[in-house]
Amino acid sequence: MEDLIRIRDLSVRFYTYEGVVHAIDDLDLDIRQGETLGIVGETGSGKSMTALAILRLVPYPGKIESGSIVFCDKDSGGELELLKLKEDRMRAIRGNKISMVFQEPGAALNPVFTIGDQISEVFLLHRRQELGRQAKQRVDSLLSDGNGLAAGLKRPFWFWQSRLYSKIAEGPHPLEPRFLSHLPLFRRLLWRLRDEASVLTVDMLKDVEIPDPARVAAHYPHELSGGMKQRAVIAMALACSPELLIADEPTTSLDVTIQAQVLELFRRIKADRGASVLFVTHNLGVASEVCDRLAVMYAGRLCEVAGVEELFLHPLHPYTKALLEAVPMPGRELQTIPGALADALNPPPGCRFHPRCPSALPMCQQERAKLKEIGKDHMVACHLF
């Protein structure tokens, strides 16, 4: 299976008044085409920061210090180095080729705009040519009807609108529409684009199984339940059929019933659209249901990468074993991992898990273990192997 994203030697630092926070340290990770890759680990292990780094959305005062993130674009067949792209080119990729479902849907939605307006904005930004073609077809149908709205004195107006939409359909930034869109009078004449976007928005809400999508599109975020807001955010992320969908703990704030529905929605999306999914979660049960492979992170570093079944049946890294033993099981005493997560300001030398590891060797305190392949598609970073 070919790779969609290749991450090599990625390091992210936060420069704070207390010191330098080592959020991600020399991360190597591949996301394959058509797969669901899960990233699991404790809070603060760097899961969400990895997702944000792919989109170059690391918040201030964070900085991507080094590394490479290569995106293999299926449409063009070329490879893009995301960390070297100009900002305007990167904006064209965000929400279009790579989309993200954020952890808290209430924070991801703007409270002063309706759900429909916010999803329509994605279409207007990334699918403007398609909207222009559809609008031109509607105007041309009016022009062909001599007894309709385009008859009489209004006919030159509709001819001009047809030409305008034709220009929009020609390319992403034709000069004439780009100039006219800044004039209040002509900006109002582009209402048909917004109508076309509204139609696509209702269809998108229907795809994520929102009942009565036309009514929901007219609602504001505070009028929706948590599950409905999460579906609206997923609809926004899927609007342009991205090649990679990043889901940052999308079920954390939902109850068990709605959580199961959202997980089933992700499975259907992957089957219907063939997209790759990067699923960030701390819940191993959720990860086992939706993921094909799992990457275990601890203190900004990868510990183990393997298929879901292989990882659950044959965990190798002591941290992976400790995580699995900490999952509550009926009839078994609850297990915990002793100690606390490594301090990102002053991380321990060598293997960062060695202060908490029951199998630590003397070399674990001095030398970091490299990620190496132990079996087919099973990699681990540990001196025990």
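Tallying residues that are open to solvent by less than 40 Å² (accessible area, probe 1.4 Å), closer than 19 Å to ALA295 by Cα and at pLDDT 90 or above within segment 358-382 yields 5.
Test LEU263 against the stated conditions and say whether it is open to solvent by less than 10 Å² (accessible area, probe 1.4 Å), of a type outside the set (S, T, N, Q), closer than 21 Å to LYS206 by Cβ and in contact with an Asp or Glu (Cβ under 9 Å, 6 or more places away or on another chain).
On the way: open to solvent by less than 10 Å² (accessible area, probe 1.4 Å): yes; of a type outside the set (S, T, N, Q): yes; closer than 21 Å to LYS206 by Cβ: yes; in contact with an Asp or Glu (Cβ under 9 Å, 6 or more places away or on another chain): yes.
When the stated conditions are applied, LEU263 passes them.
Of the residues contained in segment 48-68, none is found to be of a type outside the set (Gly, Ala, Ser), part of a loop (DSSP other than H, G, I, E, B), in contact (Cβ under 8 Å) with a residue 60 or more places away in the chain and surrounded by fewer than 16 Cβ atoms within 10 Å (Cβ to Cβ).
Here ARG215 meets each of (1) in a helix (DSSP H, G or I); (2) touching a residue at least 24 places away in the same chain (Cβ under 8 Å); (3) open to solvent by 20 Å² or more (accessible area, probe 1.4 Å) with one exception, condition (2). Answer with yes or no whether ALA381 is more than 27 Å from VAL101 (Cβ to Cβ) and either in contact (Cβ under 8 Å) with a residue 24 or more places away in the chain or of a type in the set (S, T, N, Q) (or both). For ALA381, the condition - more than 27 Å from VAL101 (Cβ to Cβ) and either in contact (Cβ under 8 Å) with a residue 24 or more places away in the chain or of a type in the set (S, T, N, Q) (or both) - is met. Can you name the residue in segment 71-124 that is closer than 19 Å to ILE210 by Cα and hydroxyl-bearing (Ser, Thr, Tyr) and is also surrounded by the most Cβ atoms within 10 Å (Cβ to Cβ) among such residues? Filtering segment 71-124 for residues that are closer than 19 Å to ILE210 by Cα and hydroxyl-bearing (Ser, Thr, Tyr), the one surrounded by the most Cβ atoms within 10 Å (Cβ to Cβ) comes out as SER120.
Of the residues screened, MET236 is one that is among the aliphatic types (A, V, I, L, M), open to solvent by 30 Å² or more (accessible area, probe 1.4 Å), more than 16 Å from SER45 (Cβ to Cβ) and part of a helix (DSSP H, G or I). Kindly provide the set of residues from segment 222-240 that are out of contact with any helix residue (DSSP H, G or I) (no Cβ under 6 Å at 6 or more places or on another chain) and not charged (D, E, K, R), ordered by number. HIS222, LEU224, SER225, GLY226, MET228, ILE234, ALA237, LEU238, listed by residue number. Restricting attention to segment 14-45, and to residues there that are touching an Asp or Glu at 6+ places or on another chain (Cβ under 8 Å) and within 14 Å of ALA299 (Cβ to Cβ), which single residue is surrounded by the fewest Cβ atoms within 10 Å (Cβ to Cβ)? Among those residues, the one meeting the criterion is ASP26. Does PRO328 satisfy the condition of being in contact with a Pro (Cβ under 9 Å, 6 or more places away or on another chain), surrounded by fewer than 16 Cβ atoms within 10 Å (Cβ to Cβ) and free of Cβ contacts under 8 Å to residues at least 60 places away in the same chain? For PRO328, the condition - in contact with a Pro (Cβ under 9 Å, 6 or more places away or on another chain), surrounded by fewer than 16 Cβ atoms within 10 Å (Cβ to Cβ) and free of Cβ contacts under 8 Å to residues at least 60 places away in the same chain - is not met.
Here's the yes/no breakdown for (1) outside any strand (DSSP E or B); (2) closer than 27 Å to ASP26 by Cα:
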{"site": "PHE71", "(1), (2)": "no, yes"}
{"site": "ARG89", "(1), (2)": "yes, yes"}
{"site": "SER99", "(1), (2)": "no, yes"}
{"site": "GLN103", "(1), (2)": "yes, yes"}
{"site": "GLY106", "(1), (2)": "yes, no"}
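The values are calculated or read from the model by the stated rules, or taken from the named source; none is laboratory data. These numbers were taken from a predicted model, which means no experiment stands behind them. Reconstructed Cβ throughout: ideal geometry from the backbone, glycine too, with neighbour counts over all protein chains shown. The area values use the complete protein model at the heavy-atom level, side chains included, leaving out ligands, DNA and RNA. Shrake-Rupley method; radii C 1.70, N 1.55, O 1.52, S 1.80 Å.
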